[in-house]
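This report concerns only the one structure given below.
What follows is calculated from the coordinates using simple rules that are stated; it is not laboratory data. All values derive from a computational prediction rather than experimental measurement. With ideal geometry, Cβ positions are generated from the backbone for all residues, glycine too; neighbour counts draw on all protein chains shown.
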Amino acid sequence: MVRAGAAVAALGSLLALILGVSRTTLAMARDRHLPHALAAVHPRFHVPHRAEIAVGTAVAVLAATADLRGAIGFSSFGVLAYYAIANASAWTLTPAEGRPPRIVPVVGALGCLVLAFALPLTSVLSGAAVIALGAAAHGLRRAFTRGQSQGR
């Protein structure tokens, strides 16, 4: 009974993550950080259908080929890092923008970081490596596009 409940809870969490990541993919595609084809919104249902298909396919391939415990740990680290960044971003809001009391983003960011680094070491290392690779790729892309625009 506990296993069935855990499986249902995991599937619900996975569905929520897929939908959230597909909308992040949509936003990144609109800003040209990902292929612009992923920025399409379905004309009838008003959902980012291409991004959802891409994210769903990536999750299915990962689930079929990787150790699920490792994938869950890696995903947990990524989500907690994402939320820590969101909390840090809330610190920059002004009162006119609806900034919460300063303690809220501080406690939120610290809580996310404590939980992220309490995960198994392989999850932390693989998650940190992917974030570092993404940051390096972003930095290289910015330098390359800046160099192109200055060369014109």
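Laid out as a table, the results:
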{"item": "Separation between Cα centres of the range 7-67 and the range 72-122, rounded to whole Å", "result": "22"}
{"item": "Mean separation of Cα contacts under 8 Å, 6 or more apart, over the residue count of the chain: relative contact order %", "result": "15"}
{"item": "Among S89, S76, S126: highest mean-square fluctuation, GNM of the chain, C-alpha pairs under 10 Å", "result": "S89"}
{"item": "FRET efficiency for A66 and A96, using Cβ-Cβ distance with R0 set to 41 Å, rounded to 0.05", "result": "0.35"}
{"item": "Chymotrypsin sites (Phe, Trp or Tyr not before Pro) restricted to DSSP loop in the range 1-94 with at most 15 other C-beta within 10 Å", "result": "F45"}
